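For reference, the structure is listed below as structure tokens.
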Amino acid sequence: MTAEFAGRLPTLWHGEGTARRMTKNLTADRETLMIVDSAVAVPLPSGHRTTVIRIDAPSVDVAAVATLARQIVRRPPSVIVAVGGGTVLDAGKIAALALAPGRVFEFAIGHASRSALTFLPHALPPVDVVAVPTTLGTSSETNSVGVLRNDSGYRLIVGLALRPRHAIIDPCTLTTLTHAAVREGALEAFLRVAGASTSPRRSARQNRDAVVLGRMILDSATRDSDSHAGRLRLARLSAATQRSAALRGPDPYSARHWYAANEIAFVLEVRKIVATAAVIAAVWHRICAGDGRWGDRESLQDFWTNVAGGMALPLDPPVGIAALIERWGIERAPSPTPADIDRIAVATEIAWGRRHPMLPGLVADDFRGVLRDSRWSSELVGPDRRPPISVSKEVN
């Protein structure tokens with residue numbers, strides 16, 4: 001690892017067959033740890049210097065990440081290959097902090113137990129991480145963010161030390177995704193640039209990159225989302241949201257729908273994107289009604305008009321995004337009970353609202369209003385049936 005990596009984006013490798021070829025090249029003659037989602041079968045090369053740990057993605061929480069960290073410390077690798085969706089990639093990135101000097105891992109876990117947002121000390125990644133995504137939309141393979149689930153909720157950890165050294169995008173690792181999963185990934189990537197575009201403090205370049213990426217994501221997901229070429233294009237566009245100027249504005253918290261969806265996902269035990277699909281139109285309605293605490297009306301309207309004009313979507317942003325979600329058949333979160341609404345609203349205020357810079361000035365009553373106006377599915381939320389943590393180890 002050299003100082004030249006500071007501030008750099010990961011090296012991006014893409015194309016059919018790239019995962020197998022580049023994994024072999026990047027791990028040759030090196031002590032390697034592979035962290036693999038147990039639900040996916042990706043035939044990547046692993047030699048006699050490779051340890052493989054398979055994890056159950058839905059069960060990953062702080063305890064599972066701590067287990068990974070202990071295994072990493074017992075047999076320190078020179079390269080970590082993380083294969084899976086955003087949950088698995090984030091787990092690998094966070095657990096790798098155990099190799100950083102100064103007890104950075106302990107700091108991250110401890111701070112995340114008390115705060116929804118943790119900034120790491122500025123430092124290089126302690127080990128090369130090669131990220132091989134098997135899902136679309138999260139961009140974990142190219143960002144310096146990790147999401148950790150603990151008893152309080154899903155918590156953000158941010159810092160250069162979490163940035164992978166290499167990102168490998170291969171349509172061969174995306175073949176098992178359903179049509180619905182591809183559309184959900186496309187929506188997640190699209191809303192990342194759309195959310196950033198609700199801030200008034202943006203440069204012409206940031207606006208231009210966001211509009212170009214937004215148009216391309218909508219077009220690709222609509223025209224060709226099931227072929228190898230289409231999935232590769234969408235995966236590259238998702239990664240490009242982190243590599244362009246679109247997200248590099250002065251307001252890092254402008255995608256304010258994310259924070260509400262984050263708490264919905266935790267309380268209702270649903271995927272983040274189905275929580276987002278339920279709440280996004282209600283949030284955009286408030287922006288377009290002039291509530292600047294959620295975002296800037298003119299900025300959102302300008303972005304939406306430029307990206308949706310050729311898509312036969314309504315030009316009113318909240319109506320248009322609801323129509324897109326309906327057109328793509330995106331699943332929405334089940335309808336919460338009144339008690340759940342109160343729990344989500346209070347948790348959102350405590351974690352992100354009031355005096356926090358993420359949702360400044362917004363309190364529980366504001367979130368209750370958004371939740372009541374959200375578009376839920378007709379299914380009711382059932383009791384907690386979270387599966388137990390499962391981490392197993394294989395040594396080749």
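Filtering A108, A82, A95, A112 for residues that are under 22 Å from V270 (Cα atoms) and either open to solvent by less than 10 Å² (accessible area, probe 1.4 Å) or without any contact (Cβ under 8 Å) to a residue 40 or more places away in the chain (or both) leaves a single hit, A112. For R271, the criteria (1) buried (at least 20 other Cβ atoms within 10 Å of the Cβ); (2) within 14 Å of the chain's Cα centre (by Cα); (3) not hydrophobic (A, V, I, L, M, F, W, C) hold in every case but one, which is (1). Looking across A194, A167, A239, one residue alone is farther than 24 Å from N262 by Cα and under 17 Å from the mean Cα position of the chain (by Cα). It is A167. The residue that is farthest from the chain's Cα centre (by Cα), counting only those in the stretch 6-15 that are open to solvent by 40 Å² or more (accessible area, probe 1.4 Å) and modelled with pLDDT under 95, is A6.
The residue that is surrounded by the most Cβ atoms within 10 Å (Cβ to Cβ), counting only those in the stretch 282-333 that are among the charged types (D, E, K, R) and in a loop (DSSP other than H, G, I, E, B), is R332. Checked against (1) assigned to a helix (DSSP H, G or I); (2) open to solvent by 40 Å² or more (accessible area, probe 1.4 Å); (3) touching a residue at least 24 places away in the same chain (Cβ under 8 Å), Q71 meets all criteria but (2). Selection of the stretch 354-368 for residues being touching a residue at least 24 places away in the same chain (Cβ under 8 Å) and open to solvent by less than 20 Å² (accessible area, probe 1.4 Å) yields M358, L359, L362, F367. Only one of the numbered conditions (1) farther than 27 Å from M216 by Cβ; (2) open to solvent by 10 Å² or more (accessible area, probe 1.4 Å); (3) touching a Gly at 6+ places or on another chain (Cβ under 9 Å) is violated by N150, and that is (3).
Regarding the stretch 122-145, can at least one residue be identified that is open to solvent by 40 Å² or more (accessible area, probe 1.4 Å), at pLDDT 95 or above and out of contact with any helix residue (DSSP H, G or I) (no Cβ under 7 Å at 6 or more places or on another chain)? Scanning the stretch 122-145, I find no residue that is open to solvent by 40 Å² or more (accessible area, probe 1.4 Å), at pLDDT 95 or above and out of contact with any helix residue (DSSP H, G or I) (no Cβ under 7 Å at 6 or more places or on another chain), so the answer is no.
With respect to the conditions (1) more than 15 Å from the chain's Cα centre (by Cα); (2) open to solvent by less than 20 Å² (accessible area, probe 1.4 Å); (3) not β-branched (V, I, T), R248 lacks only one, and its number is (2).
The set of residues in the stretch 194-213 that are more than 12 Å from S244 (Cα to Cα) and in contact (Cβ under 8 Å) with a residue 60 or more places away in the chain comprises A194, G195, S197, T198, S199, P200, R202.
Consider the stretch 25-40 and keep the residues that are assigned to a loop (DSSP other than H, G, I, E, B) and in contact with a Ser or Thr (Cβ under 8 Å, 6 or more places away or on another chain). The one that is nearest to S227 (Cα to Cα) is V40. So is M22 surrounded by 16 or more Cβ atoms within 10 Å (Cβ to Cβ), aliphatic (A, V, I, L, M), over 23 Å from the mean Cα position of the chain (by Cα) and not in a loop (DSSP other than H, G, I, E, B) or not? Taking the combined requirement at face value, the residue satisfies it.
The values are calculated or read from the model by the stated rules, or taken from the named source; none is laboratory data. Since this is a predicted model, take the numbers as computed values, not measurements. All Cβ positions, glycine included, derive from the backbone under ideal geometry; neighbour counts span all protein chains shown. These area figures cover heavy atoms from the full protein model, side chains too; ligands, DNA and RNA do not enter into them. Shrake-Rupley method; radii C 1.70, N 1.55, O 1.52, S 1.80 Å.
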